[in-house]
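Remarks on the structure that follows.
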Amino acid sequence: MPRRKKLSLDTFMEGLARRNPGETEFHQAVCEVARIIIPYAQDKPHYIDAQILERITEPDRTLSFRVAWQDDGGNIRVNRGFRIQFSNAIGPYKGGLRFHRDLNLSVLKFLGFEQIFKNSLTTLPLGAGKGGADFNPKGKSDGEVMRFCQAFMTELYHHLGPEMDIPAGDIGVGAREISYLFGQYKRLTRQFNGVLTGKSLEFGGSHIRKEATGYGCAYLLKQALNHRHDSLDGKTCLVSGSGNVALYCAQKLTALGARVVTLSDSSGFIHDPEGLNAEKLAFVMDLKFHRRGKLGEYVKKFGGTFHPDQKPWGVPCQLALPCATQNEIDGDDARTLIKNGCIAIAEGANMPVTSKGYDVIKRAKILYLPGKAANAGGVAVSGLEMSQNSTRLYWSAEEMDHRLENIMEKIHLQCLNHGSENGYVDYVRGANIAGFIKVADAMLAYGVL
């Protein structure tokens, strides 16, 4: 094989942007990985010559399809469905389905690309995919959501299978949606298998699946602080978001001794200086999961302050955990956090820090745990759900929590192994390199595919 010239970041990104025009979120996610992997791979010609990075940034296939359904008023509605099957180098495609009105290919490709490294870090045999639809479940009746999910699965099921592609939930896709999707899959295939994860316990689900992403984020932060001879005990934490990731992360942080003082939603954020406790979290879970209300109701019951249309990053803290959505911490937010005493940021969401925000954090050398490591707990427990489905065995909540903490510890050790230098741990570098090596070596073993 002829030797290639050295690969440069600028040349690589120019080619990627030319092939994927206008997909800014995807460009951002790839650049964050490429600026670490390209220097790492320069003295490893087997990766450069085989064009591993070029191949790993191109999905195996991109599926787009029409979803036609009928609302309660008898009106015909049309949405667009997607599935990005990004890589099955180390296992079947695995990744969530997201229902959101603004969903597009750029967002899905960034999420699917991140999933490659996240799934690799879990040490489980999981490939990477992502999918969903530009459907907004908010305000829809159960009947409308059911009909949409059935129409969506009627097209998607051709591409799924327990050894091929196993979706899970994501934003807008919770237990209700997974149940409707699985029921339609079962109707169409006449098979009862582990083709979806995040199912209800009654038909093959796993304990702590809905808690897993938030719990895992708290566990990794705990382990990283312990490595620095520090702890969560008494630390003031800012958490953004009020979905599964945010609320269960707040729950676990509180159980581990931290003081969570903020949550947010699309209307703004609450600040409770006394900190959340079990009663307050139970109220918010009922508010968001069942009554689908706004966080402003919290202060009417428990006090504190509500800040409409604002983000929580101006509140002084030691720890920040963005658990809402992508690009919610920009350069100014990062500078404010650091100025106000923040010593660590752990990403519960996918890519919640912008490129400029990351540059500020990197220069300050505070503890920073990227999403591909910190929020890998969700897919880890999905992988364990797949194992339980295959063996027809089910583990207790305590056993699952123990297994999750062990997986997060393995992720932490991988980050230490590849990110430690001169007494400082660059968790971004560690996570990217560790995730890359496993997938890249598998791709080399297969030859040119």
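The values are calculated or read from the model by the stated rules, or taken from the named source; none is laboratory data. All of these numbers come straight from a predicted model, not from anything done at the bench. For neighbour counting, all protein chains shown are included, and Cβ atoms are generated from backbone atoms with ideal geometry for every residue, glycine included. Only protein heavy atoms, including side chains, enter the accessible area calculation; ligands, DNA and RNA are left aside. Shrake-Rupley method; radii C 1.70, N 1.55, O 1.52, S 1.80 Å.
Quick rundown of the values:
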read-out: Neighbour net charge for R77 - beta-carbon separation under 13 angstrom, K R +1, D E -1; value: +1
read-out: Unsatisfied cross-links (Cα-Cα over 18 Å) in the set K235/K301; K138/K288; K372/K438; K222/K252; K252/K311; K109/K438; value: K235/K301; K252/K311; K109/K438
read-out: Length added when fully stretched, D309-N417, from 0.36 nm per residue minus Cα-Cα; value: 34.8 nm
read-out: Considering only the stretch 152-306, percent of DSSP beta bridges that pair antiparallel, nearest 5; value: 75
read-out: Length gained when the stretch D233-D134 is fully extended (0.36 nm per residue, less Cα-Cα span); value: 31.5 nm
read-out: Cα centroid separation - the stretch 365-420 against the stretch 143-191, whole Å; value: 25
read-out: The stretch 142-199 - percent of accessible surface contributed by carbon and sulfur, probe 1.4 Å; value: 51
read-out: Cβ-defined net charge surrounding G296, 14 Å radius [Lys, Arg +1; Asp, Glu -1]; value: +2
read-out: Taking the stretch 37-132 and dividing mean pair separation by its residue count, relative contact order in percent (alpha carbons under 8 Å, at least six apart); value: 27
read-out: Charge context of M164, other residues only, Cβ under 13 angstrom, K/R +1, D/E -1; value: 0
read-out: Separation of the D43 and N277 label points, Cα + 7 Å toward Cβ, nm; value: 5.6
read-out: Relative contact order for the chain, counting Cα pairs under 8 Å that sit 6 or more residues apart, in percent; value: 15
read-out: Heavy atoms of Y180 accessible to a 1.4 Å probe, total area in Å² rounded to 10; value: 60
read-out: 3J(HN,Hα) from dihedral phi, the stretch 388-395, Karplus parametrisation 6.51/-1.76/1.60, rounded to Hz, x for glycine, proline; value: 5, 4, 5, 9, 6, 10, 9, 9
read-out: Using θ = phi - 60° and Karplus 6.51 cos²θ - 1.76 cosθ + 1.60, couplings along the stretch 370-382 (whole Hz; Gly, Pro as x); value: x, x, 4, 9, 6, 10, 6, x, x, 5, 4, 6, 4
read-out: Relative contact order for the stretch 245-306, counting Cα pairs under 8 Å that sit 6 or more residues apart, in percent; value: 31
read-out: The stretch 92-133 and the stretch 231-292: distance between their alpha carbon centers, rounded to Å; value: 26
read-out: 18 Å Cα-Cα reach of K199 towards lysines, excluding residues that sit fewer than 8 places from it in its own chain; value: K94, K130, K186, K210
read-out: Nonlocal amide H pairs with S200, under 5 Å, H built at 1.01 Å; value: G205
read-out: Spin-label model distance (nm) - K301 vs D10, 7 Å beyond Cα toward Cβ; value: 5.6
read-out: K130 accessible area, assembled protein chains, probe 1.4 Å, Å²; value: 10
read-out: Exposure ranking of E297, E421 by accessible area [1.4 Å probe, largest first]; value: E421, E297
read-out: With every protein chain in place, the stretch 52-100: carbon and sulfur % of accessible area (1.4 Å); value: 39
